[in-house]
1. Out of the residues in segment 415-432 that are surrounded by 16 or more Cβ atoms within 10 Å (Cβ to Cβ) and modelled with pLDDT of 90 or more, state the one that is nearest to Phe224 (Cα to Cα).
2. Evaluate the following for Met367: is it under 27 Å from Ser143 (Cα atoms), open to solvent by 10 Å² or more (accessible area, probe 1.4 Å) and over 21 Å from the mean Cα position of the chain (by Cα)?
3. Restricting to segment 247-265, what's the tally of residues that are within 14 Å of the ligand (Cβ to nearest atom) and in contact (Cβ under 8 Å) with a residue 60 or more places away in the chain?
4. Starting from segment 323-342, keep only residues that are within 22 Å of Ile297 (Cβ to Cβ) and open to solvent by 10 Å² or more (accessible area, probe 1.4 Å), then list their pairs with residues that are in a helix (DSSP H, G or I) and within 9 Å of the ligand (Cβ to nearest atom) whose Cβ atoms are within a distance under 7 Å, requiring at least 6 positions of separation or different chains.
5. Taking the conditions exactly as written (small (Gly, Ala, Ser) and at pLDDT below 95), does Ser82 satisfy them or not?
6. For segment 177-199, which positions are farther than 15 Å from Phe319 by Cα and either open to solvent by less than 40 Å² (accessible area, probe 1.4 Å) or free of Cβ contacts under 8 Å to residues at least 24 places away in the same chain (or both)?
7. Of all the helices (runs of 4 or more DSSP H) wholly in segment 9-62, which have at least 2 residues that are modelled with pLDDT of 90 or more?
8. Can you tell me which residues in segment 269-296 are of a type in the set (A, V, I, L, M) and at pLDDT 90 or above?
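The values are calculated or read from the model by the stated rules, or taken from the named source; none is laboratory data. Quick caveat, the model's predicted, so the values are computed rather than measured. So basically every Cβ, Gly included, is an ideal-geometry build from the backbone, and we count neighbours across all protein chains shown. Side chains are part of the model used for accessible areas, which takes the heavy atoms of the whole protein and leaves out ligands, DNA and RNA. Shrake-Rupley method; radii C 1.70, N 1.55, O 1.52, S 1.80 Å.
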Amino acid sequence: MATSRGQFGTRTGFILAAAGSAVGLGNIWGFPTQAASNGGAAFVLVYLILAFLLAYPVLMVELLLGRHAHGNSVRALTQISSRSSTKFVGATTGFFGIIIASLILSFYAIVAGWMLGFTASYPLASLGFDRTSQWLTDFTIPSNIALMTVFMTMTAGIVVGGVHKGIERWSTRLMPTLIVTLIGLALYVFTLDGAIEGLKVYLLPDFSKVLSADLILAALGSAFFSLSLGVGTMLIYGSYLSDEEHLPSIGAQVALIDVGLAVLAGFLILPAMYVAAARGVDIFDASGALLSEDTLIFTVLPELFTSLGSIGLFVATAFFGLMSVAALTSSISMLEVPVAFIVERFEWSRRRAGTTASAFIGLLSTMIILNFDWLFGAVVALSTRYGQPLLGVMLCVYAGWVWNRQALLAELKKNDANAKHSWFWRLWPWYVRLVCPAVILVIFARSVL
Ligand code: TRP
């Protein structure tokens, strides 16, 4: 069994794939505007603290569980259980994770489809295909379904290729492209009038906003979403890691890249918004808050691109291409969750599992598109507001309470004979036992009640 499982070829390949999963629309789109409307650098600070104090330990739960089991989350959680009751609850938790991962992909693919549509629309318009270009950015039901299907097909194509030849290969190609494009765009935007204004909003801390419960909740939610936690994405990636790797430091690198790229995206988005403002584009809503979400991406920024004249074509294509790439390296990690489960549990081929799972999720996406007004928001809330934190708590409980301490230490010792004396072993087990579940639950309860 162990030999027929895929494995990441190199450490860098793994880090890029895991960082690729983490860095997505959440970082480039969600984080910068959240920071801007919630106290700028003060929010960035809270986010950094939460990412390392709460999200990183949960990331380590997933990586360690996955590597230990060298299998999917259902298998991992049953394997560490010794009683039939904990086995049952573990299997159920793993299974829910697979469902939630599929739900997240079902709405993510719609948004990613919009990104693809905008990427293609600029070059097409410049070549004179105005009607096609218009159609791609119209948000109609047919165009939404078509673009989602294209995106889902790309995702499935990579995942069917396997861990090494699909996921790792594409992540090592796409992630450097993403980083270079992001830096290039930010540098370009810095040269335009108004950029400094945006930088100020991003970087001057307003601590009065930081201590609000809402803000901490928002920051925790985005840290969890951003590190792809709870649903078994990182668990399954960890299961393809060799026993020689030192997980605590690999996990830290993934978290650093994720946070680093979110912060970097702020250096692009915020200045870009104020450059747009300097050119007469409205960037505030009626209540005086910065425009965010879809208006920011699909109205404010396109207006900015148009105002740039001929170079706007390249900037726009690069920007939406960047979004599409970020989405793709994330979506493959979501699809891998059900695919790995089907392959391991039912012994289907990757091709059959990948096409079936993506077709099924594509059908879900279609249902969401057809009932967009109420279903889209409901699926987002169900999966990210409820599903992810609750699953995160369960994973911590399993790692902290169910997993035998000696077995856990043995897992850490695989690549670090001194693991017993490491800071990680001193802190982390207590942390995931008590601190993480309690804090996540408190924050969760506040948000739901
Ligand atoms: N982290 C990605 C982002 O920031 C999205 C993502 C990928 C994700 N895999 C996930 C979110 C699993 C939740 C669960 O866009």
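1. Among them, the one singled out is Val432.
2. Working: under 27 Å from Ser143 (Cα atoms): yes; open to solvent by 10 Å² or more (accessible area, probe 1.4 Å): yes; over 21 Å from the mean Cα position of the chain (by Cα): yes.
When the stated conditions are applied, Met367 passes them.
3. Total meeting the criteria: 10.
4. Met334/Ala101; Met334/Ile104; Met334/Leu105; Met334/Tyr108; Met334/Thr233
5. It is true that Ser82 is small (Gly, Ala, Ser) and at pLDDT below 95.
6. Thr191, Leu192, Gly194, Ala195, Gly198, Leu199, listed by residue number.
7. Ranges flagged: 11-22.
8. Ile269, Leu270, Ala272, Met273, Val275, Ala276, Ala277, Ala278, Val281, Ile283
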